[in-house]
Protein chains: 2
Amino acid sequence: MPFELDPRLAADTIPVGNLPLTLALLMNDSRFPWIILVPRIDGARDLIDLTYDDQVCLVGEIGTTSRALREHANPDKLNVAALGNMVPQLHVHVIARQTTDAAWPAPVWGVGTATPYTDEEATVQVKALTEKLGISA
Amino acid sequence: MPFELDPRLAADTIPVGNLPLTLALLMNDSRFPWIILVPRIDGARDLIDLTYDDQVCLVGEIGTTSRALREHANPDKLNVAALGNMVPQLHVHVIARQTTDAAWPAPVWGVGTATPYTDEEATVQVKALTEKLGISA
């Protein structure tokens, strides 16, 4: 079966582009610089559902995304997580955290209400992130 | 500098044993089968602070731990996360989640109060987990 993005992930995010294994999405919440990586592998729920080679590829793309967010947002800490309790499709959160952000030091999930980007802000963010991720437009 | 376990991680957990890269710890909270992997690399805070080879090794040990917890607890979902907002020393949570557990579908962090294992329970858990992780006593 072809890969299809979970509709809840699609609704909550703005597409950034494709890395070799994953689709990179920007969480539409301007409180946190927050990228979600979705391996384009149909039916995967847990990391160990991927082949070993794809797991190694994924750790590389988590690294690429982490470095991009470090450059982009100069965070105090990165949070990396594959939870999937609400949306079963395997996806990895990579989040740039600041000690001054709305959730610190708690995890970001379920804290307050998302502050969507304006169209203009979203365009600027996506442009900056595609460049830093080495994704061609 | 030699590796030294963060005292807060030490206080909250029960040692399971060493994998090639990481020290495996059992979170002392019987509500959730929950292992923490701590790479024995002094000064690491984020995943990308590890060398690429160590990142690949870590993803293998996350896989080993995930499979051990699947066998051990037959979870509905695995949660894998490197947060480190409270304890800066790099550590990876691998948690077996049930749809009936005390936090579902929320993440486990900050939910209620830990229920420590009795000494007897801890001994049983550690014995089972060392076997499933292939750690020799």
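Read the figures in this text as sums done on the coordinates, not as results from a lab. Please read all numbers here as calculations on a predicted model, not as lab measurements. Please note: Cβ atoms are built from the backbone with ideal geometry, for glycine as well, and neighbour counts cover all protein chains shown.
For the reader, a short list of remarks on this structure follows.
- Of B:77/B:132; A:77/B:127; A:77/A:132, those spanning more than 25 Å from alpha-carbon to alpha-carbon: A:77/B:127
- Over the residues of chain B, the helix contribution to mean residue ellipticity at 222 nm works out to -10000 deg cm²/dmol, using -39500 (n - 2.57) for each DSSP H run of at least 4.
- FRET efficiency, 1/(1 + (r/R0)^6) with R0 22 Å, evaluated for residue A:86 and residue B:6 via beta carbons: 0.15
- Normalised convex hull volume, the protein assembly as shown, alpha-carbon set, Å³ per residue: 136 Å³
- Residue A:77 long-range amide H proximity, modeled H, under 5 Å: A:97
- Descending Cα extents along the principal axes, the stretch A:1-116, whole Å: 42, 26, 22
- Between the stretch B:88-117 and the stretch B:1-68, the alpha-carbon center distance in angstrom: 16 Å
- The simple spin-label model puts a point 7 Å past each Cα toward its Cβ; for residue B:102 and residue A:119 those points are separated by 4.9 nm.
- FRET E, pair residue B:136, residue A:18, Förster distance 35 Å, beta-carbon r, rounded to 0.05: 0.20
- Amide H contacts under 5 Å for residue B:89: none, restricted to partners 5 or more places along the chain or on a different chain, H placed in the peptide plane at 1.01 Å from N.
- Copy-to-copy label separations for residue A:2, where each label sits 7 Å from Cα toward Cβ, in nm and ascending: 5.9
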